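What follows is a single structure, written as structure tokens, with notes after it.
The values are calculated or read from the model by the stated rules, or taken from the named source; none is laboratory data. This structure is a prediction, so every number in the text was calculated from the model and none was measured. FYI the Cβ positions are ideal-geometry reconstructions off the backbone, even for glycines, and counts take in every protein chain you see. Accessible surface areas use protein heavy atoms only, side chains included; no ligands, DNA or RNA. Shrake-Rupley method; radii C 1.70, N 1.55, O 1.52, S 1.80 Å.
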Amino acid sequence: MEIQLSILVVFFNNQREAPRTLYTLSSDYQQNIEGLQYEVLALDSNSSEPLSKEIVCAFGNEFQYHYVKTDYPSPVEALQFGLKKAKGKYVMVLIDGAHMLTPNILSLWLKALKAYDDPFVIVQRFQLGRFKQNFNLQFGYNQEKEDELLNSIDWKNNGYLLFDISNYEQAVHWWFSQQFESNCVILKKEHLIEYGSFNKPFYTVGGGFLNLDLYKNAMEDDRTQNVMLLGESTFHQFHGGTTTNVERNELKLKEYREEYRKINNAHFAVSGNYQTHYLGSIHPTNKNQVQLKKSVFFYSNIARELFDSNKIDLAMDFINYSANKFPFNINILKVKANFLKKLGKNEEAIRVVNKAIEIDPIDISLLLLNGELLYLLNKKTSAIELFKKVIQLNPGNPGTYIRISRFYHRLKEFEKSRSFAEKILSCKEKLENEHIFCNTLIYLYNRKFHDLLNEVLKSANKIDGIDYNFNYKFIELSQKKSTLSSDDMRMIFQLYKNHIGTNEIFDDFTESLLSQSDKRLIEEYCEFEEEKGRHFVASYTRAKKLAKEKRFKESAEFIDNALNQTANKSRLCKCHKIQARNYESLNLWKKAKKHNIEAQKIQPNNLSLQIFELKAITKTEDYNSLKDAYNKISLKNLNVPMKKRVYRIMINAAKNEESNSEQQYFSDLLNSISNK
């Protein structure tokens, strides 16, 4: 009968691991595959300790053994050989033969053939042992310990028990993550030949980014449907591989990146297409673990919500607990470091970052955070050198330039900020990724780099479905129109309700809503935010709406609520500004002064706040503070209307103090600029 599926599985010195892998590919283990005609090509890639042909073929008539003599320490030549030998219309690729499979991968692939025209089937990957295997080494993990784990479960009769002895709970990625590779994929042989990944010179140890190249090509093929097998996985056994079992300082990722760049004439970037279908179900054995996995994803989010809700002590307790529970999760360590940075504890933050860098020394966001902290600790030379290193490690990445630009902008070094923002325009290929494109738009829009923004917007026509993206649609329309209509905002609000993540254009989006006469739309927005647990946004928006309607007392009540719902300094400052104006309108100047002082603590150089302080001092008759407040103001930075406001405030204060000389002095200053 005609072969339907050819399985190419590559081994290199895997005498211990291969029998387990091969058993999980056998008809004795794979479930519900009656009638399936398939072959397993065990490709021994130049092993110094070859497998036994007898052992391989003992798993069934489907199994073949081929020893492939190669010139390079890479599986690419073995895969070339296997692809030529393959008889099936479809091919499964297992580039690392140390991976054991769960029992329904083949049966779900058969279902995928019926459900989809041209499925590219993807299997999630985990590793045996509690942590990722290069971290397991720190706890004395070895092949003997792994054998004990495998012997402790009846995996041959229930392969889903492998989840119990894996890093499933600790792993960063799972079925619903955006993937960049899989060690087990199934696709048409003709596509595999057409992509040409096996014919490219991926000759570095382990094949470098060969697997990533294949995955990216398949994901970006418009003819195929990406199908993730839900509840299924492969499990990597401990062996002498290239990037999983060795210490981090031995990794060759930099060499792999450079090889990929030379082969493809472009830096590697994760595919922007992740329109994935899901087929399968969670086996009853694993139903409780899925909840655990979900909790890992939300640990950092819970901590952020607590921090942003001004529950600082609780947030720190929670993130410390999380860091102890997941000691090698760099995302949790990043959150902790950022909390400490926001609290001004930069020395402590940098210690946390250094610990995370020991875990992953080439994580770009960690290195950038390290550079920012060094700069804040006045180690500017070290910080700048680190920024240069990051750009060399990750050239042509808009996210890197955005992060550095944002950092300099916060330090009010605007020319440096602008220069790094301009470098984004050289990253046109990566701007075709929807996530990167939208993050770039948001940054340029918020920084009001409108000329750069208009250039980036030109890439929109290369991104499928971008018109359904909330951030893009709002920014695109805002660039075209000075004022958005009620219909525009209602359409954008519908997109926003489907939006996943935080609203990074919160201020302008809220202002555009408040400019509408459609009060029902504003209330729908507030109700939606409350339903999603974003109480600050609802309180703040209602307060702004009421202030606009001159209902200052009610607005003040909502601002009080909002102040208790955030620890974000930028948001706190906005609230204190609004509250100062509310109390000014209610003629409650002591309260107005108090909130203006709180805002100045966050923005000490804000000229409007400094002028408001002068006015509040005169209204509360706190004349002892007047001179100090006046001397804080940099008059050379004020425009003529603002200078007039200052001089008039000082004239009124002098009148109240009955100081004729002061009154005359400021009157002369006022006349001098009025006559120009």
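Tabulated results
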| quantity | calculated |
| --- | --- |
| Using alpha-carbon coordinates, inclination of helix 287-308 to the longest axis of the chain, degrees | 20 degrees |
| Carbon plus sulfur fraction of accessible area for the chain, probe 1.4 Å, in percent | 47 percent |
| Kirkwood Rh in Å, taken over the chain so that all alpha-carbon pairs contribute | 29.1 Å |
| Accessible area, probe 1.4 Å, largest first, for residues PHE558, PHE420 | PHE558, PHE420 |
| Projected label distance in nm at GLN138 and ASN624, using a 7 Å step from Cα toward the beta-carbon | 5.6 nm |
| TRP174-GLU524 FRET efficiency (beta carbon distance; Förster radius 41 Å; 0.05 resolution) | 0.75 |
| Pairwise label distance in nanometres, LYS145 with LYS388, each label 7 Å out on the Cα-Cβ vector | 4.1 nm |
| Angle in degrees between helix 470-480 and the longest Cα principal axis of the chain, rounded to the nearest 10 | 50 degrees |
| Stokes-Einstein D (µm²/s) once Rh is taken as the Kirkwood radius of region 1-134 over alpha-carbon pairs, at 20 °C in 1.002 mPa s | 139 µm²/s |
| Pair-distance profile P(r), taking every C-alpha pair of region 464-552, with 5 angstrom steps and integer % | 3, 14, 26, 26, 19, 9, 3, 1, 0, 0 |
| Area of LEU5 that stays accessible when all protein chains are in place (1.4 Å probe, Å², to 10) | 0 Å² |
| From the C-alpha gyration tensor of region 59-197, square roots of 5λ in Å | 28, 20, 16 |
| Hits among aspartates and glutamates - C-alpha to C-alpha of LYS462 under 18 Å, sequence gap 8 or more where chains match | GLU220, ASP221, ASP222, GLU429, GLU432, GLU434, GLU476 |
| Under 18 Å from the Cα of LYS643 - aspartates and glutamates, other chains or at least 8 residues apart | GLU613, ASP628, GLU662, ASP668 |
| Anisotropy class of region 501-584 from Cα gyration tensor, a/c 1.5 cut | oblate |
| Three-way shape call for region 74-127 based on the alpha-carbon gyration tensor, with the a/c threshold at 1.5 | oblate |
| Charge sum, other residues only, whose C-beta stays under 9 Å from SER417's C-beta, Lys/Arg counted +1 and Asp/Glu -1 | +4 |
| Ranking by accessible area, most exposed first, for LYS458, LYS342, LYS334 with a 1.4 Å probe | LYS458, LYS342, LYS334 |
| Environment charge at VAL76 (Cβ cut-off 14 Å; Lys +1, Arg +1, Asp -1, Glu -1) | -2 |
| Cα long-axis angle, helix 364-376 against the chain (0 to 90 degrees, to the nearest 10) | 30 degrees |
| Cα gyration tensor category, rounded, prolate or oblate, for region 286-406 with a/c compared to 1.5 | prolate |
| Å² per residue, accessible surface of the chain at 1.4 Å | 48 Å² |
| Shape box of region 368-411 [Cα atoms, principal axes, largest first, Å] | 28, 19, 12 |
| Contact order normalised by residue count of the chain, Cα under 8 Å, 6+ apart, percent | 8 percent |
| Projected label distance in nm at ASN605 and LEU253, using a 7 Å step from Cα toward the beta-carbon | 3.6 nm |
| Area accessible to solvent at HIS435, 1.4 Å probe radius, in Å² | 130 Å² |
| For region 532-676: span of alpha carbons on each principal axis (Å, largest first) | 58, 27, 27 |
| Cross-link pairs beyond the 28 Å C-alpha cut-off, checked among LYS132/LYS423; LYS481/LYS548; LYS497/LYS548; LYS545/LYS590; LYS89/LYS262; LYS532/LYS591 | LYS132/LYS423; LYS89/LYS262; LYS532/LYS591 |
| Accessible-area ranking of LEU457, LEU588, LEU94, largest first, probe 1.4 Å | LEU588, LEU457, LEU94 |
| Heavy atoms of CYS427: accessible area, 1.4 Å probe, square angstrom to 10 | 10 Å² |
| GLN479-LYS428 FRET efficiency (beta carbon distance; Förster radius 30 Å; 0.05 resolution) | 0.95 |
